[in-house]
Amino acid sequence: MRGKLFIMTVLSAMVFSACAGKDGFSDRLWYDKPAVQWLEALPVGNSNLGAMVYGGVTEEEIQLNEETFWSGGPHNNNSPRSLERLGEVRNLIFEGHEDEAKAIIDKDFIVGPHGMRFLPMCSLKMTFDIPEEYSDYERSLDLSDAVAEVSFKSGGVAYSRKVIASLPDKILAVMLHSDKKGALDFTIRYDSPLAFTSSSEGNCLQAIVDGVEQEGIPASLKALCRTIVETDGEVNAVDGAIVVKGATSAVLRTAAATNFVNYHDVSGNADAKVSELLSSTNGQSFKSLLSRHKSAYHEQYDRVSLKLEPGETSLLPTDKRLEAFKGSDDMAMVALMYNYGRYLLISSSQPGGQPANLQGVWNKEVMAPWDSKYTININAEMNYWPAEVAGLYESEEPLFSMIGDLSQTGSVTARQMYGCRGWVAHHNTDIWRIAGPVDGSDWGMYPNGG
């Protein structure tokens, strides 16, 4: 499966391992202009939340995912007809009649559903009342601290933003700052490609996003996203948005959750989960949140490092540096790729959460490529190949938890579809831990996914 940026980046990480110090050439992505498209945005995540930071000047977008927000609901995709035709299929294969066997498999073994989709939740959008002209622009992702930053000058004022997806606190925190007193005027609101309702009251902004039905499986999940705005400026709730005037700085704390409990239970209380996450960080300054985040992140990231010599192109913005990499002497770029792979795995797979899917924990598409689910004949494994080498053993816990779930759902599949004891999984699964075959006999008839 090609075109999966997350997989290929993490795959590159398994090749290198060494101990050395960190430097700006191998631990930092940076750019001299805002992101125009999603793939150019900077990813931050804490397994529970994934966020893509675009870094716009007058308009900022932080696109958000919640790891348990998927289409459909609890179900299985075991065929009721496969067992009675299993012997016939075996005989056809042994007799060399593969086409006839495939026709039966496609009709009576692979009956759907074919896996649910990892959904985008919403975007936090900020509109700033500043001139469109700007200078000294830079946006960056510090892999050594897991912090995204944006800075620029506009109208004679220096503006900066810092964004973290806190590992210990499981929230997104954003610091906005201007070097001129009262120069921050902005409006924040939610938007989503899915049906949603938004509301604002006091300094609180909230969105409730509807899940989607798929292949006859009703939507059983809703996502709730809530942002608290704390600032030295004036705050007003207006028409489902928050308007801030005359601020010098502001901190946004965002938490999200769904009613997902596990693959067979969707009775959770998203409001209670979000309230607990935000209440636990009440009264904490951004400095305190950042310190806690760095401490937790360093405990994993600092176990391994790689330092290679920079070259003549190492000082270029990362996009231009990448273009110039072929044939260059910029070996530090290799170290940067390695560190980026470790960063992505830490940010998308932590104990108690879901495993990294085909796009980690980042997706903006309602119809994501390959549904952004788990392709367990190779791609799910590829995400975790570097985990042990890089000392990221915590990241494997969600994967083994999913395997444990599949041993339960797969035991039903083995009994119903093959008349066997034990358990089975095929080449794909999702948050509902389906274990039956999907997508056609050429790919799906693969009873080795467990």
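At-a-glance table
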| quantity | calculated |
| --- | --- |
| Subset of segment 81-102 [of a type in the set (Gly, Ala, Ser), surrounded by fewer than 18 Cβ atoms within 10 Å (Cβ to Cβ) and closer than 17 Å to residue 415 by Cα] | 87 |
| Checklist (1) touching a Cys at 6+ places or on another chain (Cβ under 8 Å); (2) surrounded by fewer than 18 Cβ atoms within 10 Å (Cβ to Cβ) applied to residue 414, failing item | (2) |
| Single match in 181, 170 (criterion: outside any strand (DSSP E or B), within 24 Å of residue 234 (Cβ to Cβ) and in contact (Cβ under 8 Å) with a residue 12 or more places away in the chain) | 181 |
| Residue, farthest from residue 435 (Cα to Cα), within segment 113-143, restricted to residues that are in a loop (DSSP other than H, G, I, E, B) and among the acidic types (Asp, Glu) | 133 |
| Candidates 105, 110, filtered to the one that is surrounded by 15 or more Cβ atoms within 10 Å (Cβ to Cβ), over 31 Å from the mean Cα position of the chain (by Cα), within 30 Å of residue 215 (Cα to Cα) and of a type in the set (Val, Ile, Thr) | 105 |
| Matching residues, segment 1-48, being part of a loop (DSSP other than H, G, I, E, B), at pLDDT below 50 and not small (Gly, Ala, Ser) | 2, 4, 14, 15, 16, 19 |
| In segment 397-436, the residues that are touching a strand residue (DSSP E or B) at 6+ places or on another chain (Cβ under 8 Å) and not aliphatic (A, V, I, L, M) | 405, 427, 428, 429, 430, 432 |
| For residue 36: the one exception among (1) surrounded by fewer than 20 Cβ atoms within 10 Å (Cβ to Cβ); (2) touching a residue at least 60 places away in the same chain (Cβ under 8 Å) | (2) |
| Failed item in (1) part of a strand (DSSP E or B); (2) surrounded by 18 or more Cβ atoms within 10 Å (Cβ to Cβ), with residue 245 passing the rest | (2) |
| In segment 207-223, residue surrounded by the most Cβ atoms within 10 Å (Cβ to Cβ) [restricted to those that are not in a strand (DSSP E or B) and not hydrophobic (A, V, I, L, M, F, W, C)] | 211 |
| Selection from segment 49-101 of residues that are part of a loop (DSSP other than H, G, I, E, B), touching a residue at least 40 places away in the same chain (Cβ under 8 Å) and either under 16 Å from residue 359 (Cβ atoms) or of a type in the set (Phe, Trp, Tyr) (or both) | 67, 68, 69, 71 |
| One residue from 186, 152 being more than 29 Å from residue 343 (Cα to Cα), surrounded by fewer than 23 Cβ atoms within 10 Å (Cβ to Cβ) and not aliphatic (A, V, I, L, M) | 186 |
| Candidate set from segment 301-325 (those that are part of a loop (DSSP other than H, G, I, E, B) and of a type in the set (A, V, I, L, M)); member that is surrounded by the fewest Cβ atoms within 10 Å (Cβ to Cβ) | 315 |
| Extreme residue, surrounded by the most Cβ atoms within 10 Å (Cβ to Cβ), among residues of segment 386-395 that are under 30 Å from residue 114 (Cβ atoms) and at pLDDT 95 or above | 395 |
| Long-range neighbours under 9 Å by Cβ, at least six apart or interchain, first residue more than 18 Å from residue 112 (Cβ to Cβ) within segment 405-417, second of a type in the set (D, E, K, R) and surrounded by fewer than 17 Cβ atoms within 10 Å (Cβ to Cβ) | 411/421; 414/421; 415/421 |
| Helices (runs of 4 or more DSSP H) wholly inside segment 333-450 that include at least 3 residues being among the β-branched types (Val, Ile, Thr) | 397-413 |
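The values are calculated or read from the model by the stated rules, or taken from the named source; none is laboratory data. On a predicted model such as this, the values are computed, not experimentally measured, just so you know. Backbone-built Cβ (ideal geometry, glycine too); neighbour counts: all protein chains shown.
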